[in-house]
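Accompanying notes for the structure given below.
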Amino acid sequence: MTASARVLLLLALLAGVVPIAGAEQSMTREQRKQAAEINAQLAITYLKQGDLASARDKIDRALEQDPKTADTQMVAGFVYDRLGEDRKAQGHFEEAVKLAGKDNPDVLNNAAVFECRKGDKKRGVEYFLRAAESPLYRTPEAAYTNAGHCARANGDAKDAERYFRQALAIKPNAADPLLQMASLQFDNGNALQARAFLQRYQDVAPATAGSLWLGYRIENSLGDSAAASEYARKLRKDFPTSVEADELFQSERAKP
């Protein structure tokens, strides 16, 4: 087959048209891989445009052409996640992890996000930790933070604390793990430590409805009514329609 004929064949395959019976089977391994890569990219494009039918068509085509690459399997996970076919999405993400090994922490991270949202949270934590430990991952503190969130959502508060501390060991001024540590310490009855973590958070990040509500509860538990009142004032002023502002209203209303 001439070079020009190979190009025409590849374009026809990408369009979903097979000009000659068995023509796709005549493609080389490299040609099939290239076709799959392009179809996977088209699937992502259609996914971003909200055209789920075309996204599924393209990723199914890519899987027929070359199912043995981590990126193709990962895109399939994205597509079937959006389609609401969770078990199928999970299978594709897990296959992507198997194919990627330790060479692609981004695949591990994306698979972990899915597992923590819809799949096996313990497996999600495992994937986040593997990503964090990869020398190719540029922001391991983010992976440790995500592992902490996933563990906490799974009811594993001790593990969550350990992962948040690992994130802070890498980046001591990381806002999210600081706030999470303040919340965990408060839940554990360690109000003074909770206050310390919250103060560190306030040094590096703007107040949120959640951080103000947490500060109010911390100061109330420590008996500092003036500090609690200041948190309450800021919460009512800056986030009047928030869930936390409503919780504050209900809390104050319930006081004798």
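A few notes on this one:
- Charge tally around Leu168: other residues with Cβ under 14 Å, Lys/Arg +1 each, Asp/Glu -1 each, net 0.
- Spin-label model distance (nm) - Ala207 vs Asp106, 7 Å beyond Cα toward Cβ: 3.9 nm
- Options Ala36, Val79, Ala89, ranked by Cα towards positive dipole end of the stretch 31-100, top entry (Cβ charges): Ala36
- Counting only aspartates and glutamates at least 8 places from Lys158 when in the same chain, those with an alpha carbon closer than 14 Å to its own are Asp187.
- Here the relative contact order of the stretch 174-256, from alpha carbon pairs under 8 Å that lie six or more residues apart, stands at 23 percent.
- Entry for Kirkwood radius over Cα pairs in Å (calculated from the structure that is shown) out of [x] 19.1; [y] 21.3; [z] 18.2: [y]
- Projecting the Cα atoms of Pro67, Ala131, Leu179 onto the charge dipole of the chain (Cβ charges, centred on the Cα centre) puts Leu179 farthest toward the positive pole.
- Modelled label reach - Leu192, point 7 Å along Cα→Cβ, the stretch 212-232 residues with backbone N closer than 18 Å: 218-225
- Global geometry of the stretch 31-100, whether rounded, prolate or oblate, following the gyration tensor of its Cα atoms and the 1.5 cut on a/c: oblate
- Listed residue (Ser242, Ala196, Pro256) projecting farthest to the positive dipole end of the stretch 174-256, Cβ model: Pro256
- Relative contact order for the chain, counting Cα pairs under 8 Å that sit 6 or more residues apart, in percent: 8 percent
- Over 30 Å (Cα to Cα) - which of Lys68/Lys122; Lys58/Lys171; Lys122/Lys237; Lys88/Lys122; Lys33/Lys122; Lys121/Lys234 fall in this group: Lys58/Lys171; Lys122/Lys237; Lys33/Lys122; Lys121/Lys234
- For the pair the stretch 186-234 / the stretch 80-158, the C-alpha centres are spaced 31 Å from each other.
Taken together, the values in this text are just the output of simple stated rules run on the coordinates, not laboratory data. This structure is a prediction, so every number in the text was calculated from the model and none was measured. Please note: Cβ atoms are built from the backbone with ideal geometry, for glycine as well, and neighbour counts cover all protein chains shown.
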